[in-house]
Amino acid sequence: MDNFTFYSPTYFTFGKDTEQEVGQLIKRFGGTKVLIHYGGGSVVRSGLLDRVKNTLTAEGIPFVELGGVQPNPKSGLVYTGIELCRKEQVDFILAVGGGSTIDSSKAIAAGTLYDGDFWDLYEKRMVPAALPIGTILTIAAAGSEGSPNSVITKEETLIKRGTKGDLLRPKFSILNPALTQTLPAYQTASGVTDIIAHLYERYLTNTTEVEVTDRLIEGLIASVVHEAPRVLENPDLYDARANIMWAGMLAHNNVCGVGRTQDWNSHAMEHELSAEYDCAHGAGLAVVMPAMFTYVMHHDITRFAQIAVRVWGCQMDYYHPENTAKAGIEALRNFLISIGMPKNFKELGADEKDIEKLAHRSCYGHTGNGALHGFVELNQQDLENIYKMML
């Protein structure tokens, strides 16, 4: 295990009706004027937005609103939010929604206190200052409610990039599993896929002797795999929703990633897909992961065989462990298909003619050095090969 530091200061309030505590929590963390940032749709139709506004009014907290966040959040709305926060002298941002809303809120929080273009922070991957953020989570998926990460798509170029910093960790996050019960099945399944991907990205490590975090990751994947079919069959199953929601947070606040190298190459490849085609992030990951894992498994057959046995219940073939590794990847793929995720480029809405462009952007769009660095170093030709495996 490698040396590490771990700082996760977010205050979590979990359970039914906990959104009613939002006004008290904003006061507790020093907010005096709030930007309520949200998407629209279900947040409005369900009455959640009105309940939040009523709660803030009852606590005497003034607020302004900015809706319109879309999946794969865009830079244009971030610029609007920064301008609004500065004009209205907002000192606290409340994200009401899923990972896209929280990521957009984080970008606004950082950009409001930055003298230049907020996009600089996503190119440089550093955040020198940010307004405090609170969240009311409505989708269990991205884990942004407990993480230091944010991902935004630049509209003019369709470049999708992330930044991170402990200043972006929410001051508080309200997690009421009941708020996820009205989600369409596809969104629920996409969220489950994203959670699993966050765990696999940490599982694929070149660090040895990391049994504790290995077991944490395996347990969380197994729990999500158990709960997902139950929720899809019965969307109102609160306890299953609760387990998935808490797993989503644990998957991405990095408690499972400390002391070990991590991968993130699957995410880098998927970001190009969701930026180009505006597909659901989890759906893109469902297509990327089996292809990526098949391509790199010989780098460490033992690791892929281990998770195949421990999570997917495959039999260990000690004479030919690559058979066990392949069986585990196939079990993952079959599970994702079983919950309604796409299995190839066509079902995702992606186009074979764009493969070279996607691979080039993956390799040169962020690091600029022509390769992705993670579990295995991958150059542009590698990425083109992997994208072709998704056809």
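The values are calculated or read from the model by the stated rules, or taken from the named source; none is laboratory data. This is a predicted model, so every value here is computed, not measured. Because the Cβ atoms are built from the backbone with ideal geometry, glycine has one as well, and the counts that use them run over all protein chains shown. Please note that ligands, DNA and RNA were not included when accessible areas were found on the heavy atoms of the full protein model with its side chains. Shrake-Rupley method; radii C 1.70, N 1.55, O 1.52, S 1.80 Å.
Angle of helix 301-310 to the longest C-alpha principal axis of the chain, folded into 0 to 90 degrees and rounded to 10: 70°. Just the protein heavy atoms count here, and of the accessible area of the stretch 119-189 at 1.4 Å, carbon and sulfur take up 57 percent. For the residues Met126, Met249, Met269, a GNM of the chain with alpha-carbon springs under 10 Å puts the largest fluctuation on Met126. Relative contact order of the stretch 86-214, taken over Cα pairs closer than 8 Å and 6 or more residues apart, is 25 percent. If r is the Cβ-Cβ distance from Phe29 to Asp2 and R0 is 30 Å, what FRET efficiency results, to the nearest 0.05? It comes out at approximately 0.40. For the chain, the longest principal axis of the alpha carbon atoms and the long axis of helix 238-252 meet at an angle near 80°.
Remark: the stretch 309-391 is approximated by an ellipsoid whose semi-axes, taken from the C-alpha gyration tensor as √(5λ), come to 28, 19, 10 Å, largest first.
Solvent-accessible area per residue in the stretch 113-176 equals 34 Å², computed with a 1.4 angstrom probe and all protein chains kept. Note that the stretch 187-338 presents 36 Å² accessible area per residue, ligands and nucleic acids not counted, probe 1.4 Å. The C-alpha atoms of the chain define a longest principal axis, and helix 48-58 lies at about 40 degrees to it. Need the list of aspartates and glutamates near Lys171 for cross-linking: C-alpha distance under 20 angstrom, and skip anything on the same chain fewer than eight residues off. Filter leaves Asp17, Glu19, Glu21, Glu59, Glu65, Asp91, Asp103, Glu145. Cross-linked pairs Lys124/Lys353; Lys326/Lys353; Lys74/Lys388; Lys160/Lys388: Cα-Cα separations exceed 24 Å for Lys124/Lys353; Lys326/Lys353; Lys74/Lys388. Think of it as helices only: each DSSP H run of n ≥ 4 in the chain is worth -39500 (n - 2.57), and spread over all residues that comes to -15500 deg cm²/dmol at 222 nm. Suppose a student asked you for the relative contact order of the chain, using Cα pairs under 8 Å spaced at least 6 residues apart; what percent would you report? Dividing the mean separation by the residue count of the chain yields 15 percent. GNM remark for the chain: springs join alpha carbons under 10 Å apart, and the peak mean-square fluctuation among Glu156, Glu123, Glu377 falls on Glu156. With only Cα atoms counted, the stretch 1-129 has Rg and Dmax values of 15.5, 50 Å. Calculate what fraction, in whole %, of the accessible area of the stretch 223-302 sits on carbon and sulfur atoms when a 1.4 Å probe is rolled over the protein chains. Within the stretch 223-302, the accessible surface is 53 percent carbon and sulfur.
Contact order for the stretch 166-291, expressed relative to its length and based on alpha carbon pairs under 8 Å spaced 6+ residues apart, stands at 36 percent.
What fraction, in whole percent, of alpha-carbon pairs in the stretch 247-339 exceed 20 Å separation? Beyond 20 Å sits 45 percent of the P(r) for the stretch 247-339. Note on the stretch 139-285: Cα-Cα pairs beyond 26 Å make up 25% of the total pair count.
For the stretch 31-105, the solvent-accessible area of protein heavy atoms averages 39 Å² per residue (probe radius 1.4 Å; ligands and nucleic acids excluded). Solvent-accessible area of Phe12, all protein chains in place: 60 Å² (probe radius 1.4 Å, heavy atoms, ligands and nucleic acids excluded). GNM on the chain, alpha-carbon springs under 10 angstrom: the most fluctuating residue among Arg202, Arg86, Arg260 is Arg86.
Of all DSSP bridge pairs formed entirely within the chain, close to 25 percent run antiparallel.
Between the stretch 86-159 and the stretch 2-35, what's the alpha-carbon centroid distance in Å? Distance between centres, Cα-based: 16 Å. Among rounded, prolate and oblate, which fits the stretch 201-289 when a ≥ b ≥ c are the square roots of the eigenvalues of its C-alpha gyration tensor, a/c under 1.5 means rounded, and a/b larger than b/c means prolate? Oblate, since a/c reaches 1.5 and b/c is not below a/b. For the stretch 94-168, the percent of C-alpha pairs falling in each 10 Å distance bin, counted from 0 to the bin holding the largest distance, reads 21, 55, 23, 0.
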